[in-house]
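A short write-up of the structure that comes next.
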Amino acid sequence: MTTLGLDHVSLTVSDIDRSLAFYHGLLKIPILGRGEEEDGGAAAVLGLKSVHFQYADLDLGSGQILELLHFVRPKKPARPHARVAKDGHFGLRVDDLVLTLSRLRRSGFSPRTDPVVLDQPRWWRGATCAYVTDPDGATVELVERRP
């Protein structure tokens with residue numbers, strides 16, 4: 001099991017257009033795409049029955065992504081393991097998610113949800129993801145991307 005590096009950084013934002021004006025407009029980070037999602041793989045990886053959010057993914061280079069999320073529903077997640085919607089997170093790319101989660105479980109760190117394979121948007125298609133909490137409560141998303 002090897003951590004390959006930073007996969008992405010996710011920020012929860014209050015206004016997606018204002019954030020894009022800053023990160024894309026002022027800082028000139030290219031946009032990979034933007035859209036909206038309801039339920040689907042995102043709800044499963046967050047451990048929620050229902051979720052609705054707008055997103056914009058920006059290209060930080062070297063395959064790394066700045067993910068901007070604006071949550072329409074829920075505005076404030078009630079479940080502790082869904083804190084990612086409120087607090088943001090960062091993603092680490094791993095070469096074997098199943099092995100990584102097994103190793104974490106043996107050390108007392110249970111994932112918040114079972115791994116979820118994403119199917120959209122296209123630059124996330126096929127990525128398998130799971131959230132874990134670090135010893136200080138920070139949210140870490142583990143991401144395995146198959147070529």
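The values are calculated or read from the model by the stated rules, or taken from the named source; none is laboratory data. Bear in mind that the values here come from a model prediction, so they are computed numbers and not experimental data. Neighbour counts are summed over all protein chains in view; Cβ atoms, including those assigned to glycine, are modelled from backbone coordinates with ideal geometry.
For the range 5-38, give me each residue that is part of a helix (DSSP H, G or I) and surrounded by fewer than 16 Cβ atoms within 10 Å (Cβ to Cβ). Matches in the range 5-38: ASP17, ARG18, ALA21, PHE22, GLY25, LEU26.
Taken over the range 95-110, the criterion of being β-branched (Val, Ile, Thr) and in contact (Cβ under 8 Å) with a residue 60 or more places away in the chain is satisfied by THR100 alone.
Condition check ((1) under 22 Å from VAL116 (Cβ atoms); (2) in contact (Cβ under 8 Å) with a residue 60 or more places away in the chain; (3) of a type in the set (Lys, Arg)) across all residues:
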residue	(1), (2), (3)
VAL13	no, no, no
PHE22	no, no, no
GLY25	no, no, no
LYS28	no, no, yes
GLY33	yes, yes, no
LEU48	yes, no, no
ASP59	no, no, no
LEU69	yes, no, no
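Note on the range 118-138: among residues that are in contact with a helix residue (DSSP H, G or I) (Cβ under 7 Å, 6 or more places away or on another chain) and over 16 Å from THR3 (Cα atoms), the one that is surrounded by the most Cβ atoms within 10 Å (Cβ to Cβ) is LEU118.
The helices (runs of 4 or more DSSP H) found wholly in the range 39-147 and carrying at least 3 residues that are of a type outside the set (Gly, Ala, Ser) and at pLDDT 90 or above occupy 97-106.
Going by what's in this entry, would VAL45 be described as within 15 Å of VAL143 (Cβ to Cβ) and under 15 Å from the mean Cα position of the chain (by Cα)? Considered against the rule, which asks whether it is within 15 Å of VAL143 (Cβ to Cβ) and under 15 Å from the mean Cα position of the chain (by Cα), VAL45 comes out as yes.
State yes or no: is ARG112 more than 12 Å from the chain's Cα centre (by Cα), surrounded by 19 or more Cβ atoms within 10 Å (Cβ to Cβ) and over 21 Å from GLY5 (Cβ atoms)? Judged against the criteria, ARG112 is a match.
Within the range 35-46, the set of residues being over 19 Å from HIS8 (Cα atoms) and without any contact (Cβ under 8 Å) to a residue 60 or more places away in the chain comprises GLU38, ASP39.
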